[in-house]
């Protein structure tokens, strides 16, 4: 083949290469920035576990925190973080991560065992406080209930009830089918109203874990040594309920309720919000 | 040379005095013993170097400061000293409105040794009788102790006129003691707040009386005092004593430790019992009147006199020590449960306060712990010595510490202040510093094994990861879809249901709604009809039926003019009305015309459809 004949192919090749580069450039512009420096959570997790075996819990936690900071979450990650904090005798942080781990279905039992261990430690140190039944009930409603699931259950019943009702009215006229549809709609509506109400109510509250050894519960957010001496104390690893509406009124302070019903103000820095 | 340097002599002297006093109680003829003791005691000043008398206290008290004429009361003079003293007989003042039943006192001496501190109490008791009503002052009583003169405070007694109706109180005419009475004996007459007072409920009765049983008739409300029941009295079994020159039996029924909880005047209320008594023996003496009229056995109510005590506040604690409200004779020690602990393991700092006094009111000492320790709420245990005659035992505070870091830590020295109620001064108890070593647990690897039942094991291997944030349900588009759909469906279904119900129930509505379908059906039939006359008859029927159905007119018997007039009346466009009239007339008269072509029929059917469609809009 003569050079003259090759020239069109040469130009054609450069065009193809330029086009390919343009295509790759366009594609790369659509790739998320975080994916450029991709974090391998499993790799960091394995390294953290290795350091745990070496009893370097601080080092292990630095890897685990790196995973967490990049937005990756896993019940096993939180559970291992809880164990590491137990070794470092930071029961507040341990309780926080065990509770986060407990939210994952596959880690529920293990995380509960970790929380039971912390409760046992609190009992032996004399800082355990009983859960008053009314507050246990309200906390269960606010934080233990899967509001989304109940809302969708209500919507499902509502849809099903309407279909049954239309069937009874139009396609298979029957008084009992109509009544069944109406009952289903009513149940769905009540469930929907209840679940949405509790969900809206729960938005005013959050749970948090005390991560400092002894925090006085002050009647006012202003700190005063005299008040501290007379006030009740929130000990490390206490799970408290925050009134978000009141807490927003004083920056840096949180209005909390302990499990035994005692309320007061504590610095926000002494808490980790769940 | 100090007096205390001769313990053998002290004990001899004490023994001689006590035996003399005891022999005096048991026998009037034992005056010699008393004299012997007095001689011995009187010789004490002659001994070289007596101890300083700064610890001597003298107090006087009345069994009651409010009595009725004829009633008796007891004047008691107590001398307190840490060492044996030469105590002379009190110099009795002259009294107004009262008289001494006997100027010979009842005497007693008690000796206690608590934590190595001795306390001696010399007691002189005189029985007074109220003779005239009024308020009288008992002047100070002077008493000579080791050659120095001491005096008591003056006291006031109010004597009321009235009858002495209580059978257990002696009558005015009877200068002697009652045959049976209940007395409250206190170990301390001028206590400070928080000091222990041992209160004994003592029953005195003559030898001729037998007490078969007794029971407490009402609860003893000692307001202002924290009270502890002491052990059963070791002297419940009666002992013999001499009162007012007569032989009595003395039985301690109950013992209590009282701790005043506030300063000022506090009253120890009366203690009452109901005793079942009987007089024994063949001989009757002056006390037999007590039983007259009731037979030889009866139940009697007995009660002690209320006692008012002046409670003074303890002095202000000196600086340089920690005040834990300890009042009594105590020793304080501080130890560690273990001196070497593993990281995360608990260690107890044990503070043990041992001795006699207000154990239950002692507060926890505070120590400066290193920052590396978590401190937890302490445990508090009181271990009472039930065999002791006073409130005594051990109080233990356990501070629980948990180390966060390894290393060697020191808990600094601490000084605890204890108010010694015998010495009437604060004592400093120095707690030496403690050293604690915290080490890492060499066996703590992957598992935490606090006990055999509990283990935590990290999760290893591949795990599933989630990165997307939790989206609230109200941000999901399909949430709103599934929420809105049932409402739309419901509205549609309801409307359809109502429409169908009306079609069934309302005939006029049914005709109105079906008019269009019926007319179109008739026109379609006409289009298929071969017979021209039948076809035009169908066109006529379609238009006329449509109008009658839409206007709720009778479906038969309507002429063209009537139908057209109805259309006018309903304001239908005149042009359309004319077209209706023309088409109806044409359809009605076509039978007289020559046969129209197929095209004409189709055009008329199309015209009829257009007319009906336009009428549908306007009707």
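Between residue B:386 and residue A:212, what's the calculated FRET efficiency when r is the beta-carbon distance and R0 is 41 Å? Round to 0.05.
Numbers: r = 44 Å, r/R0 = 1.08.
Between residue B:386 and residue A:212 the formula returns 0.40.
For region B:488-618, the C-alpha radius of gyration sits at 1.18 times the compact-globule guess of 2.2 N^0.38 Å, with N the residue count. Among the residues of B:485-496, the average count of other protein chain beta-carbon atoms within 10 Å of the residue beta-carbon is 5.
Largest first and in whole Å, the equivalent-ellipsoid semi-axes of region B:454-495 read 46, 13, 8, each the square root of five times a Cα gyration tensor eigenvalue. Altogether, the Stokes-Einstein calculation at 37 °C and 0.692 mPa s, with the Kirkwood radius of region B:458-559 over Cα pairs as Rh, returns a diffusion coefficient of 172 µm²/s.
Using the 10 angstrom Cβ neighbour count as an exposure proxy, how do B:374, B:348, B:132 rank, fewest first? Can you show the working numbers first?
Working: B:374 21, B:348 17, B:132 12.
Starting with the residue having the fewest Cβ neighbours, the order is B:132, B:348, B:374.
So if we plug the beta-carbon distance of residue B:240 and residue B:312 into 1/(1 + (r/R0)^6) with R0 = 35 Å, what FRET efficiency do we get, rounded to 0.05? So the FRET efficiency works out to roughly 0.40. Look at the stretch B:341-348: the mean tally of other chain Cβ atoms within 10 Å of its residues' Cβ atoms is 2.
With an 8 Å cut-off on Cα pairs and a minimum separation of 6 or more residues, tell me the relative contact order of region A:140-199 in percent.
Numbers: 76 pairs, mean separation 27.8, N = 60.
46 percent.
For region B:190-266, would you read off the P(r) tail past 15 Å as a percentage of all alpha carbon pairs? Of all Cα-Cα pairs in region B:190-266, 64 percent lie more than 15 Å apart.
Cut-off is 10 Å between beta-carbons; in what order do B:110, B:131 appear when sorted fewest neighbours first? Could you put the intermediate results ahead of the total?
Values: B:110 12, B:131 15.
With the sparsest Cβ surroundings first, the list reads B:110, B:131.
Over all projection directions, the Cα-based convex hull of region A:171-216 averages an area of 5.6 nm².
Could you give the C-alpha radius of gyration of region B:322-456 expressed as a fraction of 2.2 N^0.38 Å, taking N as the number of residues it contains? Spell out each step's value before the answer.
Details: Rg = 17.9 Å, N = 135, 2.2 N^0.38 = 14.2 Å.
Compared with the compact-globule rule of thumb, region B:322-456 sits at 1.26.
Kindly give the semi-axes, whole Å and largest first, of the ellipsoid equivalent to region A:205-273, taking each as the square root of 5 times a Cα gyration tensor eigenvalue. All intermediate terms of the calculation are to be shown ahead of the outcome.
On the way: eigenvalues 50, 39, 22 Å².
Over the Cα atoms of region A:205-273, the ellipsoid semi-axes are 16, 14, 11 Å.
Counted by neighbouring Cβ atoms within 10 Å, the residues A:244, A:122 run from fewest to most as A:244, A:122. Taking 20 °C and 1.002 mPa s as conditions, region B:534-601 diffuses translationally at an estimated 171 µm²/s according to Stokes-Einstein applied to its Kirkwood radius (Cα pairs).
Highest mean packing first, where packing is the average number of other Cβ atoms within 10 Å per residue, the peptides A:134-141, B:327-334 line up as B:327-334, A:134-141. For region A:144-202, what log10 I(q)/I(0) values come out of the Debye formula at q = 0.14, 0.19, 0.23, 0.29 1/Å, with one point per alpha carbon and no solvent? Relative scattering, expressed as log10 I(q)/I(0), comes to -0.41, -0.62, -0.76, -0.99.
I need to check one value: relative contact order of region A:138-269, counting alpha carbon pairs closer than 8 Å and at least 6 residues apart, in percent. Show your work: numbers first, answer last.
Values: 210 pairs, mean separation 26.5, N = 132.
Averaging sequence separation for qualifying contacts and normalising by length gives 20 percent for region A:138-269.
Shown here: region A:41-124, whose C-alpha atoms stretch 37, 27, 18 Å along the first, second and third principal axes, sorted largest to smallest.
For region B:405-429 and region A:161-223, what is the centre-to-centre distance using only Cα atoms, to the nearest Å? What the calculation gives is 61 Å, centre to centre. A full extension of the chain between residue B:223 and residue B:571 corresponds to an added length of 114.7 nm, given 0.36 nm per residue minus the alpha carbon distance. Peptide A:71-84 shows a mean partner chain C-beta count of 4 within 10 Å per residue C-beta.
Provide the packing ranking of A:46-58, A:173-185, i.e. peptides ordered by the mean count of other C-beta atoms within 10 Å per residue, highest first.
A:46-58, A:173-185
Laboratory data are not the source of any read-out in this text; all were calculated from the coordinates shown. Given the structure is predicted, the values throughout are model-derived calculations rather than measurements. Cβ: placed from backbone, ideal geometry, glycine included. Neighbour counts: every protein chain shown.
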